[in-house]
1. Tell me, in nm to one decimal, what length is gained between Arg184 and Asn140 on full extension, where the rule is 0.36 nm per residue of separation less the Cα-Cα distance?
2. Tell me the Rg and the Dmax, in Å, that the Cα atoms of the range 101-167 produce.
3. With a 1.4 Å probe and all protein chains kept in place, how do Trp163, Trp125, Trp64 rank by accessible area, largest first?
4. For a quick check of understanding: with a 1.4 angstrom probe and all protein chains in place, what accessible area in square angstrom does Ile179 have, to the nearest ten?
5. Roughly how much of His147 is accessible, in Å² to the nearest 10, using a 1.4 Å probe?
6. Suppose we keep just the alpha-carbon trace of the range 69-189; what are its Rg and Dmax in angstrom?
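The values are calculated or read from the model by the stated rules, or taken from the named source; none is laboratory data. Since the model is a prediction, treat every value here as computed from it, not as a measurement. When the accessible area is computed, the model is the full protein with side chains, heavy atoms only, and any ligands, DNA or RNA have been set aside. Shrake-Rupley method; radii C 1.70, N 1.55, O 1.52, S 1.80 Å.
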Amino acid sequence: MRVRGRVLRRGLFLLRLDASLSWVIVPKTSPPKRLHIRRLRREEIPALAAAIGEISEAQIVNRWREQEMGYRELLVAEQDGELAGTVSIGEGESTLHLFALEVAPALRRRGIGSAIVRHVIDVAWRRGLTRVYLEVRVDNPARRLYHRLGFRRVGPEFSNAWWRYLDDGTQERVEEPSIRMVKRVKYPPQRRR
């Protein structure tokens, strides 16, 4: 039996005949796009700043310097050849720190952030680490995403301070009320360190 559909409500939904011969309204979605998460290349810094838009090229250059000094690993998400997001990770004794997760505004709410976080959890698993942790602003809607992916709040609210680098060469200190969230990485018994 061939599934047939017609557009309803200006292309936002499809009316589809399912296997039980009932008409079902389903969201109209485009085919899933391939997402590849890898290390950032130096020459991609301007393109990443343009894609994200909310961070300056100077901020990413600073992150690159911190990567060269061993403070972080800078990863990017690439979707169909275009940079879609970024995240930084830093390895501790038995933990992996997830920070500076950003997705291009035009591509938000499409699963890219979830895929990036899952990738970071997988990196921790492959490295034999026991926890992934992050800090998030108390008013950041991404808290729901982290919770859905198994992160849980630990400890009291605190003031998270960091430096924002601007393209004009200046810096500004940012202090944000934040919480820490942690996810335990689960392994089969033979995978533990």
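1. Taking 0.36 nm per residue and subtracting the Cα distance, the gain is 13.7 nm.
2. Looking at the range 101-167, its Cα Rg and Dmax stand at 13.6, 38 Å.
3. Final ranking, largest accessible area leading: Trp163, Trp125, Trp64.
4. It works out to around 0 Å².
5. The accessible area comes out at roughly 90 Å².
6. 14.9, 52
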